[in-house]
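Have a look at the structure below, then the notes.
The values are calculated or read from the model by the stated rules, or taken from the named source; none is laboratory data. All figures in this text were calculated on a predicted structure; none of them were measured in a lab. We place every Cβ from the backbone using ideal geometry, glycine too, and count neighbours over all the protein chains shown. Heavy atoms of the whole protein, side chains included, go into the accessibility calculation; ligands, DNA and RNA do not. Shrake-Rupley method; radii C 1.70, N 1.55, O 1.52, S 1.80 Å.
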Amino acid sequence: MKLQWKKLILCIAVPLGVGGLSALLTRDGMEVFKTIDKPPLTPPDWVFPVVWSVLYVLMGTASYLVLTSGGEYRPALTVYGLQLAVNFFWSLFFFNLGWYLFSFVWLILLLVLIILTMVKFSRLSGPAALLLLPYLLWAAFAGYLNLGVYLLNR
């Protein structure tokens with residue numbers, strides 16, 4: 001299969017754009033995050049944008065593999081788009097609004113959608129589903145952090 005560069009770049013640009021917009025909209029909320037109590041194992045602040053950037057590139061690459069798989073990709077990419085929207089809104093709920101418990105419940109929804117996306121992706125491309133595994137693990141870790149922030153700051 002020949003690499004379709006324009007599609008690959010677009011597929012990677014979409015999650016990076018969503019993540020970039022989320023970071024832009026939550027930058028003031030990040031200042032509050034620096035002042036609250038956090039659970040053990042919370043990484044230093046610089047780790048988050050690095051990890052998220054890598055995860056967004058992996059997500060985009062996975063969506064490209066599904067898009068170019070030759071199969072019926074629309075249902076899989078619809079769920080992928082939905083989980084990306086849920087991901088985007090989690091940041092606003094958590095950082096901007098400080099809705100820590102609601103954000104935790106929202107994150108559980110995100111985890112379910114990531115798993116569903118992986119299942120749908122696996123039907124079209126096994127590697128695409130595997131590329132989402134680090135995202136699933138990081139989102140689960142984010143759930144631990146989110147719940148810890150809620151419990152320590154209520």
Selection from segment 92-105 of residues crowded, with 19+ Cβ neighbours inside 10 Å and within 15 Å of Tyr144 (Cα to Cα) yields Phe94, Tyr100, Ser103, Phe104
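Just give me the residues in segment 84-140 being polar (S, T, N, Q) and in contact with an Asp or Glu (Cβ under 9 Å, 6 or more places away or on another chain), in sequence order. Before the answer, list the steps.
Filtering segment 84-140 for residues polar (S, T, N, Q) gives 87, 91, 96, 103, 117, 122, 125.
Result: Asn96, single match.
What about Val79, is it over 22 Å from Asp28 (Cβ atoms), of a type in the set (A, V, I, L, M, F, W, C) and surrounded by 16 or more Cβ atoms within 10 Å (Cβ to Cβ)?
Numbers: over 22 Å from Asp28 (Cβ atoms): yes; of a type in the set (A, V, I, L, M, F, W, C): yes; surrounded by 16 or more Cβ atoms within 10 Å (Cβ to Cβ): yes.
Yes, satisfied.
Does Lys7 satisfy the criteria of being touching a Leu at 6+ places or on another chain (Cβ under 8 Å), part of a helix (DSSP H, G or I) and either in contact (Cβ under 8 Å) with a residue 60 or more places away in the chain or surrounded by fewer than 17 Cβ atoms within 10 Å (Cβ to Cβ) (or both)?
Details: touching a Leu at 6+ places or on another chain (Cβ under 8 Å): yes; part of a helix (DSSP H, G or I): yes; either in contact (Cβ under 8 Å) with a residue 60 or more places away in the chain or surrounded by fewer than 17 Cβ atoms within 10 Å (Cβ to Cβ) (or both): yes.
Yes: the conditions hold for Lys7.
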Please identify the pairs in which a residue from segment 131-154 that is under 14 Å from Pro43 (Cβ atoms) has its Cβ atom under 9 Å from the Cβ atom of a residue that is open to solvent by 50 Å² or more (accessible area, probe 1.4 Å) and among the charged types (D, E, K, R), counting only partners at least 6 apart or on another chain. Leu145/Lys38; Gly148/Asp37; Gly148/Lys38; Val149/Asp37; Val149/Lys38
Out of all the residues in segment 49-66, is one or more at pLDDT 95 or above, out of contact with any helix residue (DSSP H, G or I) (no Cβ under 9 Å at 6 or more places or on another chain) and within 21 Å of Leu136 (Cα to Cα)? yes
May I ask you to list the residues in segment 94-107 that are under 17 Å from Trp52 (Cβ atoms) and touching a residue at least 60 places away in the same chain (Cβ under 8 Å)? Phe94, Phe95, Asn96
In segment 26-54, the residues that are closer than 23 Å to Gly148 by Cα, in contact with a Leu (Cβ under 9 Å, 6 or more places away or on another chain) and surrounded by 13 or more Cβ atoms within 10 Å (Cβ to Cβ): Thr26, Gly29, Lys38, Pro39, Thr42
Within the bounds of segment 108-117, is there any residue that is among the hydrophobic types (A, V, I, L, M, F, W, C), surrounded by 22 or more Cβ atoms within 10 Å (Cβ to Cβ) and in contact (Cβ under 8 Å) with a residue 40 or more places away in the chain? no
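Kindly establish whether Leu21 is under 14 Å from the mean Cα position of the chain (by Cα) and either part of a helix (DSSP H, G or I) or surrounded by fewer than 19 Cβ atoms within 10 Å (Cβ to Cβ) (or both). Please lay out each step first, then the result.
Numbers: under 14 Å from the mean Cα position of the chain (by Cα): yes; either part of a helix (DSSP H, G or I) or surrounded by fewer than 19 Cβ atoms within 10 Å (Cβ to Cβ) (or both): yes.
So Leu21 passes the test.
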